[in-house]
Amino acid sequence: MLSLHTCPLAALGAKETGGMNVYVRELSRELGRMGVEVDVFTRSQNRAIPRVVGMGPRVQVIHLPAGPEAPLARPQIHAHLDEFVDGLETWRLTRGVEYDLIHAHYWLSGVAALRLRDRWAVPILQMFHTLGRPKNRAARSVAELEPAVRLREETRIVGAADRIVAANDVERAELLRAYGARAPRIATIPCGVDTELFAPGDQAAARRQLGLDARPVLLWVGRLAPIKGLDTLLDAVGRLHAAGTDPRLLIVGGDADDPPNGHETTLRAQIRRLRLDGAVSFVGPQPQERLPTYYAAADVTVVPSYYESFGMVALEAMACGSPVIASRVGGLVTTVRDGVTGFLVPESDVAALAERIAALVADPDLRWRIGREGVRWAAQHRWPCVAEAVCREYASLEPIATPHLAAARCHE
């Protein structure tokens, strides 16, 4: 397993972490429970972190140096891929390991996977998690555009990978239309959610635990990046306050160890300009086991992104019974069933977002019905079912994976 640019052990919401970290971690653990030996290789960003960290039965994360052992912008990592690949090969040879298949996550890992396949002659299963071309269509400024090297490498990976996993039909269509993928090579497998961890909780108890008052609570979870649409949500909250509604917004994300990035500085200035200092709280990145408390405390979880390939935050919120309002973009149109498990609004439409928030906050019966349906929908996306589907793709590429399907827990 390759998760080159970000470690699956990192806290959600930090600079380079998000749904992909959760995906790699939970899929690897479930595959380990099925008897699959999983080594997850990632680039070391901190010399003090142990080189090898166990992540569950038969699963370990290996941190390999590739360039400076510090955070790097993703395009800069591309220049250090040879060092990463050489380090991985040294690891394999010194331990006498023979890998049967490479599962690569994100385009940087896909480039490394192609180089490793040249040495090992094993199949590659690729998942992109996000694609550069739709992100560029959603970009609001030149600074947000993905570099040409990413677009070139994604196209090359699409043409060379033995199998590609798309998270939904929207991503599948993008791969076919914009990248020229061959349809038989694409498997559509939705992302998952841990329904044992993410489950409905007592809202009053959660609010007491978080020290919240009786005001309506809105929740936003994710990386502090322009594409996540937090500026639109802040404008909507400002509109609600001007209209006499007084919701409180909790922002889960950012990096507690670093000074605010440029976007966070811009967001804080927006909060001051809208006079929302007492209504908006940055609570920093949170460990996965803490997130259900926030979802339980919220009246509404808002996902106002300009682009999402899937929208794992929306699925986690639904599993906890938190009503979701999301942008009608990308994979969110399939993750959120509009009017059933949540509501979709046009992206960047402040008025529509504010109106939908106000209506949902004012109607506890509607919140209950939407929350109940969200729990039912999320139950269809359990990680054991995702792992079984992925393992079937492994078996189609390498028959040695077939016996592990007998240990799948999807139908337990």
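Before moving on, here are some points about what is shown:
- Cα gyration tensor, the range 203-380 - rounded (a/c under 1.5), prolate or oblate: rounded
- Translational D in µm²/s for the chain (Stokes-Einstein at 25 °C, 0.890 mPa s, Kirkwood Rh from C-alpha pairs): 112
- Residue ranges 67-78, 222-233 sort as 222-233, 67-78 when ordered by packing (mean number of other C-beta atoms within 10 Å per residue, highest first).
- Under the criterion of Cα pairs below 8 Å and six or more residues apart, the relative contact order for the chain equals 16 percent.
- Calculated mean residue ellipticity at 222 nm for the chain: -12500 deg cm²/dmol, from DSSP H runs with n ≥ 4 weighted as -39500 (n - 2.57), summed, divided by the residue count and rounded to 500.
- Isolated Cys in the chain, by beta carbon distance under 4.7 Å: Cys7, Cys191, Cys320, Cys391
- Distance between the range 128-162 and the range 38-89 - C-alpha centres, whole angstrom: 22
- Going from the fewest other Cβ atoms within 10 Å to the most, the residues Trp91, Trp368, Trp107 appear in the order Trp368, Trp91, Trp107.
- Under 5 Å, built H, 5+ apart or other chain: amide partners of Leu249: Leu218, Val280, Ser281
- Taking a ≥ b ≥ c as the square roots of the Cα gyration tensor eigenvalues, the range 213-295 comes out oblate, since a/c reaches at least 1.5 and a/b does not exceed b/c.
Read the figures in this text as sums done on the coordinates, not as results from a lab. For clarity, every value in this text was computed on a predicted model and none was experimentally measured. Using ideal geometry, Cβ is built from the backbone for each residue, glycine included, and neighbour counts are taken over all protein chains shown.
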